[in-house]
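Here's the structure we're looking at; comments come further down.
The values are calculated or read from the model by the stated rules, or taken from the named source; none is laboratory data. These figures come from a predicted structure and were not determined experimentally. Cβ placement follows ideal geometry from the backbone for every residue including glycine, while neighbour counts extend to all protein chains displayed. Please note that ligands, DNA and RNA were not included when accessible areas were found on the heavy atoms of the full protein model with its side chains. Shrake-Rupley method; radii C 1.70, N 1.55, O 1.52, S 1.80 Å.
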Amino acid sequence: MTFQPFSAPDYLPRPILAEMQLSRLRTIVSRAWERVPLFRSRLEERGLAPQHIDSLAAISRLPFTVKTDLRDTYPFGLFASPMEEIVRLHASSGTTGKPIVVAYTQEDVDVWTSVMVRSFAVCGLHKGDIIQNAYGYGLFTGGLGAHYGGEGLGATVIPISGGNTDRQIMVMKDFGVTAICCTPSYFLHLVERAAQLDVDLRELPLRAGVFGAEPWTSSMRKRIESLAGITAFDIYGLSEIIGPGVAIECPCQDGLHIFEDHFYPEIVHPETGEVLPDGEEGELVLTTLSKFAMPMIRYRTRDITALIPGQCACGRSLRRMRRIGRRSDDMLIIRGVNVFPSQVEAALLEVEGTLPHYQIILTRAHGLDQMEVQVEVTPETFSDKIGALEALNESIADALEHVLGLHVQVTLVEPHTIQRSEGKAKRVIDRRSQS
Ligand SMILES: [Zn+2]
């Protein structure tokens, strides 16, 4: 692969990177102190001022920022730039009430583009590639983030946005698409629909998928790669920090490199907030080192991961984090047991004859939580005799009980019964408050 100059920061010697991080951190802390009242008052409560940040380690003295801070200061309370310097607003739809709003100056948009360019380059994409961008365009950061990144790389971007699966497949085939961006669950849906239309993706020029915006498992990756004949890369980001482009997997597929020159990572204990050493699992906390319009200092992502010690075989000096398997927000408590949808997915993918389309339905009967897992099975399994289905049902229930430590009801459904999403898959339907 030819070396691309914009990838140079990926290989910075660690001492130089650390120096750059500290200098940027001091600038951003001073900026937030001067311009964001909530941040200033929290620092004052702790008897802190920007000059106390004299080392990178001192970051752990700073207060956390949490999602409710964004809601409580809706819409513009955390902005550190006047509106006339802000060139873009995005918003993420919260599950409850008001969305959270994020802002960018032109410099922020340029940084965002640069980390997306670097992300695509890490995936081996370059000028000449044709990128089908099936992330939603709009207030969601996915669409425009990938769009400007692709253009910045010099690739051809097709801004098809989400939805209209048949048209996606037609474009992919007729335009000679070499890479696609979307959620992994939507891509899987696309693969299945392509098969129904007699299009074999393995025969197309498509060679890479840049998938993000929802947690997905390694088994799901294997399934995607073998069905479509591509390499599937995990991309990570969140609107509160910048959008997609915070971290990306390299071809080693052994963790995601964090663009540490712009985003400073820490792992903390989800309950105590104590900083954990590399290798230990906890909640990812990120600080934006170069975001002017809306600096995020020690933002608690709710994503559970660990920083991977040691250097990656690809030679990049950027630290890596493990793929996000779960978010602390996703945790369900069923009869006192902690359950994550990703555990269900991992268990299902191990059982022959199932499809990675499932839904968890929670109800309450006689005061007790009931969990039902609906799973699509392959058409071949469905055409088999009744005995085979019963056996499959039993092996799924066993696999789930083994992983979750909980007996759950399993319902096998025909292929394409569970509603497909064009964005993030809806895995859980919680009807407990209605019963
Ligand atoms: Zn690497």
Which trypsin sites (Lys or Arg not before Pro) from the range 98-172 combine a DSSP loop assignment with at most 11 other Cβ atoms within 10 Å?
LYS127
Under a straight-distance cross-link criterion of Cα-Cα below 29 Å, which lysines are reachable from LYS173, leaving out those fewer than 8 residues away in the same chain?
LYS127, LYS222, LYS424, LYS426
Excluding ligands, DNA and RNA, the carbon-plus-sulfur percentage of the accessible area of the chain with a 1.4 Å probe reads 52 percent
Separation between the SER317 and ASN164 pseudo-spin-labels, each 7 Å from Cα along Cα→Cβ, expressed in nm?
4.7 nm
Per the Kirkwood treatment, what hydrodynamic radius in Å, one decimal, follows for the range 5-329 from the mean inverse distance over all distinct Cα pairs?
20.3 Å
Leaving out ligands and nucleic acids, and using a 1.4 Å probe, what accessible area per residue does the range 5-329 come to in Å²?
38 Å²
Between ILE16 and ASP430, take the C-beta separation as r, use R0 = 60 Å, and let me know the FRET efficiency to the nearest 0.05.
0.75
Each residue of the range 408-414 in order: what ³J(HN,Hα) in whole Hz does its phi give by Karplus 6.51 cos²θ - 1.76 cosθ + 1.60, θ = phi - 60°, with x for Gly and Pro?
10, 7, 10, 10, 8, 10, 5
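Go through the range 343-435 and name the trypsin sites (Lys or Arg not before Pro) that are in a DSSP coil and have 14 or fewer other Cβ atoms within 10 Å of their Cβ.
LYS385, LYS426, ARG431
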Under 11 Å, Cβ to Cβ, from VAL275 - net charge with Lys/Arg +1 and Asp/Glu -1
-3
Give me the extension gain from CYS252 to GLN343: residue separation times 0.36 nm, minus the current Cα-Cα distance, reported in nm with one decimal.
30.4 nm
Segment GLU390-SER23, length gained on full extension (0.36 nm per residue, minus Cα span)
125.9 nm
At 0.36 nm per residue, minus the direct Cα-Cα distance, what do MET83 and GLU44 gain on full extension? Give it in nm, one decimal, please.
11.4 nm
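Antiparallel as a % of all DSSP beta bridges within the range 333-434, to the nearest 5?
The answer is about 60 percent antiparallel.
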With unit charges on the beta carbon (Lys/Arg positive, Asp/Glu negative), name the residue among MET20, VAL410, GLY162 whose Cα is farthest towards the positive pole of the charge dipole of the chain.
MET20
Just the number, please: percent antiparallel of the DSSP beta bridges in the chain, rounded to the nearest 5.
65 percent
So how strong a dipole does the chain carry about its Cα centre when Lys and Arg Cβ are +1 and Asp and Glu Cβ are -1, to the nearest 20 debye?
980 debye
Any aspartates and glutamates with Cα under 18 Å of the LYS98 Cα? List them, leaving off those in the same chain fewer than 8 positions away.
ASP69, ASP72, GLU240, ASP329
Along the chain, longest interval not containing exposed GluC sites (Glu not before Pro), exposed being DSSP loop plus at most 16 other Cβ atoms within 10 Å:
1-270
